[in-house]
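Heads up: the structure comes next, in structure tokens.
The values are calculated or read from the model by the stated rules, or taken from the named source; none is laboratory data. None of the values given here were measured: they were computed from a predicted structure. Quick reminder, even Gly has a Cβ in these numbers, built from the backbone with ideal geometry, and neighbours come from all protein chains shown.
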Amino acid sequence: MGTTIWGSGVLCLYAILMIHSTFWGLSVIDLAVILVYFIAIIYIAIRVSKLVKSREDFFMGGRRFGKLIQTFAAFGQATSVENVTTTTTMVNANGASGIWAMLAGGLINLPVFWMTSPWYRRLRLLTLGDFFEERYGSKPMAAFYAMCQTIYFVMIGAIGLMAMGKTIAAITAKPESALTTIEHVEYLKAVEREKLETADFALLASEQKVRLAELQLLNPKKEYSYINENLLICIVALVTLIYASIGGLAAAFIIDLVQGAFIILLSILLIPFAMLKINSMYGAEGGALGAFTTMHKVLPASFLELWGSPSLIEFTWYWIVGFSIMIVLATAVQANQMTACGSAKDDYTARYGFVSGMLLKRYSSVMWGVVALLTLVLYGGSISDPDYVWGHATRDLLGPVGIGLVGLMIACLIAALMAAKSAFMITASALVTNNLYRPYRPNYNTA
């Protein structure tokens, strides 16, 4: 089976090579990297599927995972592509304090995770819905909890898929010369709108003010992509469904180990290239420190205030404290924590793995904030939609290198999405099976 999969992948890659040197705005090397990534995760899922013998194997991986798997499983569940775009957007709007969009609550949560992680392992249950049923003797309460959590996972999954689609669409954006006639007309309107918005409104003629109001109402699109976002979302969702369904939690967690490495790479890949370009643009010296010196010269002082400032008040210290307390209070009722901690081989592994995974996310969040600040220096306000900044930076900084780094970044973005969503899917399926379906079919054997 494995030989057949790898053979099919090689044939597909060869077909791409024969068709054209570029496809969807990507080079052959970029496409090869993405294809190899997809083949690898499906292959791992097929191999791991042989370990699934029971319901507990499928939903809890047989409760046999060690520290390494548990660490990257927790990291993968906590980290998704929308976290990257959210950090970038918040830093673009609020400066360095925007990093707290991901860090707030996470740091205070770590001691709480150290205490609570073994609890889920000791419960020996499949879902947190089972806990509500046993604790309160109420199957309807367990069913209501399962329904609420499943809806939550569906919503957060949809947000992640949309964020991934927008970011990859920005990476594969069409140049002006490749636009169709209709797209080019709308593109020119978007350029006209930007020009009018950047001008002093008081100095605009009356007809220009009317024209600006019309264009703002029309909201013309400036970015067009070779890739259909809806099709991309369907493909990634289907692959996630396939490998998680084949191998259950074991496949999701083992693949999270691979995807965790991709997420870490995602967090740092743009930094050296952004620094080099900043030094080149501004003639800065001193290597890496030169780029940060330029950052202090180019950006307003308020953008470098970690605790917010009078001009950027969204992330003040009291907001951070309030949000952190709210997150701590909600910590223990997230259904995926049962999946992440209950699958460990012992109590200490559950504790060590979950806290280590959360620490990895905090470090990654800081790196996303650094990338966002560097892109502010490079692009300023030239990109109208902050959600496209990461994709634009990938195309601009990694594209000219020509060694498959754009494809690697796309694989990293997809990995960041799949790592979280596969675990959420398994958790939601356990809730639906155990707390919504089985109570109405008590005599049906699901073992």
VAL33 - would you say it is free of Cβ contacts under 8 Å to residues at least 40 places away in the same chain and assigned by TED's automatic domain parsing to the domain that holds ALA250? no
Test: residue in region 112-134 that is among the β-branched types (Val, Ile, Thr) and assigned to a helix (DSSP H, G or I): yes
Being in a helix (DSSP H, G or I) and of a type in the set (Phe, Trp, Tyr) is the filter here, so list the residues in region 54-111 that pass it. PHE58, PHE59, PHE72, PHE75, TRP100
Against the condition under 34 Å from the mean Cα position of the chain (by Cα) and touching a residue at least 60 places away in the same chain (Cβ under 8 Å), how does MET164 come out, does it pass? yes
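A quick yes/no check of all residues on (1) more than 23 Å from ALA393 (Cα to Cα); (2) outside the structural domain of GLU82 (by TED's automatic domain parsing); (3) among the acidic types (Asp, Glu); (4) modelled with pLDDT of 85 or more:
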| site | (1), (2), (3), (4) |
| --- | --- |
| ILE151 | yes, no, no, yes |
| HIS184 | no, yes, no, yes |
| LEU188 | no, yes, no, yes |
| THR198 | no, yes, no, no |
| PHE201 | yes, yes, no, no |
Examine region 50-62 for a residue that is touching a helix residue (DSSP H, G or I) at 6+ places or on another chain (Cβ under 6 Å), modelled with pLDDT under 85, surrounded by fewer than 17 Cβ atoms within 10 Å (Cβ to Cβ) and in the same structural domain as MET358 (by TED's automatic domain parsing), and state whether such a residue exists. yes
Taking region 329-352 only, how many residues are aliphatic (A, V, I, L, M), within 22 Å of LEU68 (Cα to Cα) and outside any helix (DSSP H, G or I)? 1
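Here's the yes/no breakdown for (1) among the aliphatic types (A, V, I, L, M); (2) buried (at least 18 other Cβ atoms within 10 Å of the Cβ); (3) farther than 11 Å from THR87 by Cβ:
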position: GLY353; (1), (2), (3): no, yes, yes
position: GLY357; (1), (2), (3): no, yes, yes
position: VAL366; (1), (2), (3): yes, no, no
position: LEU376; (1), (2), (3): yes, yes, yes
Please work out if ALA93 is closer than 30 Å to TYR318 by Cα, surrounded by fewer than 23 Cβ atoms within 10 Å (Cβ to Cβ) and not β-branched (Val, Ile, Thr). yes
Condition met for ASP256 (modelled with pLDDT under 85, buried (at least 18 other Cβ atoms within 10 Å of the Cβ) and of a type in the set (D, E, K, R)): yes
LYS221 fails exactly one of (1) farther than 26 Å from LEU398 by Cα; (2) not hydroxyl-bearing (Ser, Thr, Tyr); (3) not in a helix (DSSP H, G or I), namely (1)
